[in-house]
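One structure is given below, encoded as structure tokens.
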């Protein structure tokens, strides 16, 4: 069976180390390919430069032996010039001597002419295919002064490329060995560097793995600057998780405490009803059971409402909320349908009232306020009024009743969980105002209590029009 954790980690097989090494390897292979091409070009240029010097020396030696006697060219072939090229025994050597008009004087008359006429500045080098073989030529100009005029001749010497290619191949081979050694060194250094760069991640992993499940302290492992934001986010997450765990433990402890008393009373009254033979006494016991069941139901609903508000407050998933629709739904859910129905009046503005917030949290807050007003208000003194009005950049939700109001001494502790005033009814849970404050302040709003002139309490929820952020 596949572990449940694996379904939550679709990218668990992705390795940062392999990604980094693969990226470095691709870059290195591309760089090595470029270096190999450059090495091949360099080897060819180095071989040409070496043998071009021999070609130039041979051509100069022939040019020095060239003479103009009574208008006719004469050349005593210096075989030492060709011996310079005999160092490559497998290569063939060709030469050609012409005047400036291209008329042959000596050598191979069908040898290819240079692409441009050489000048006094230096020889011209070019490659050509001659007699089925690639040949490298050097051509230079030789000027001779006669008794009547000064003329010039072109001396051209060529050699096949076998020795050049062999020298270039040897340079490439030796360079490739050095490049391979360099490649192995770079790969080893890259692997070591990636391993060293990821060592802080392994330290964080070991730190977390060695902790107990309840240990949510901030990480004390030193990390580089690139991981600082990640570790800070992880610390913030663990701090929020610790707060949620503390809140959950407190909630469970308080819920167990609050549920124990009504459950014990309910059990005792049921036992009395079962043992009592008098129908009137049994009826009174069953009525007491019903009252305790209603109180227990209200307590459970408020505990669930409190847990829901806590959960959604931690999520902070805000969206556009139409406050008028929230108030209508809250009134509909809170006002009993049975007769006699309480007088609850809803006053809404003609314009749209939209904010960014959590509709469920706001609805729970308003429902708790209406429920408190229904329980503590005096229907004979006046209706319960639920209104929505604009104040500057905020919207205000006001729930007002005509009950006894709130004692000034209790106003400071009224928003604490399970806090109940001196005049509270026995079936109250003490969670209503705590839920309201958590729901409203979690969305950037405020809650205020004020006794009304003529009696009663007005609770005002003030919500900024643009509070919250969409998740």
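The values are calculated or read from the model by the stated rules, or taken from the named source; none is laboratory data. Note that the structure is predicted; figures quoted are calculated from it, not measured. Cβ placement follows ideal geometry from the backbone for every residue including glycine, while neighbour counts extend to all protein chains displayed.
Below is a table of values for the structure above.
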read-out: Failed condition for residue 195, given (1) in contact (Cβ under 8 Å) with a residue 40 or more places away in the chain; (2) over 30 Å from residue 20 (Cα atoms); (3) in contact with a helix residue (DSSP H, G or I) (Cβ under 8 Å, 6 or more places away or on another chain); value: (2)
read-out: Sole residue being in contact with a helix residue (DSSP H, G or I) (Cβ under 6 Å, 6 or more places away or on another chain) and over 30 Å from residue 220 (Cα atoms), chosen from 288, 253, 264; value: 288
read-out: Residues that are more than 34 Å from the chain's Cα centre (by Cα) and either free of Cβ contacts under 8 Å to residues at least 24 places away in the same chain or more than 30 Å from residue 381 (Cβ to Cβ) (or both), drawn from the range 342-363; value: 350, 351, 352
read-out: Search result, residues across the range 330-341 that are assigned to a helix (DSSP H, G or I) and either without any contact (Cβ under 8 Å) to a residue 12 or more places away in the chain or exposed (fewer than 15 other Cβ atoms within 10 Å of the Cβ) (or both); value: 332, 333
read-out: Subset tally (residues that are loosely packed, with under 15 Cβ neighbours inside 10 Å, modelled with pLDDT of 80 or more and closer than 23 Å to residue 381 by Cα) for the range 418-449; value: 1
read-out: Options 69, 124: the member that is modelled with pLDDT of 80 or more and either assigned by TED's automatic domain parsing to the domain that holds residue 150 or closer than 15 Å to residue 157 by Cα (or both); value: 124
read-out: Enumeration of residues in the range 342-375 that are closer than 17 Å to residue 403 by Cα and not in a helix (DSSP H, G or I); value: 342, 343, 344, 345
read-out: Qualifying position, being closer than 23 Å to residue 434 by Cβ and assigned to a helix (DSSP H, G or I), among 288, 255, 293; value: 255
read-out: Residue in the range 173-194 that is under 30 Å from residue 114 (Cα atoms) and buried (at least 17 other Cβ atoms within 10 Å of the Cβ) present; value: no
read-out: Exclusive hit being more than 30 Å from residue 269 (Cβ to Cβ), at pLDDT 80 or above and under 40 Å from the mean Cα position of the chain (by Cα), set 315, 323; value: 323
read-out: Test: residue in the range 137-146 that is out of contact with any helix residue (DSSP H, G or I) (no Cβ under 9 Å at 6 or more places or on another chain), assigned to a strand (DSSP E or B) and either farther than 14 Å from residue 63 by Cα or outside the structural domain of residue 74 (by TED's automatic domain parsing) (or both); value: no
read-out: Selection within the range 130-143 - exposed (fewer than 14 other Cβ atoms within 10 Å of the Cβ) and under 60 Å from the mean Cα position of the chain (by Cα); value: 134
read-out: Boolean, residue 269 is closer than 30 Å to residue 463 by Cβ, assigned to a helix (DSSP H, G or I), in contact with a helix residue (DSSP H, G or I) (Cβ under 9 Å, 6 or more places away or on another chain) and in contact (Cβ under 8 Å) with a residue 12 or more places away in the chain; value: no
read-out: Counted residues, the range 382-401 - those being part of a strand (DSSP E or B) and more than 18 Å from residue 353 (Cα to Cα); value: 3
read-out: Only listed residue being on the phi < 0 side of the Ramachandran plot, touching a residue at least 12 places away in the same chain (Cβ under 8 Å) and surrounded by fewer than 17 Cβ atoms within 10 Å (Cβ to Cβ), chosen from 108, 95; value: 108
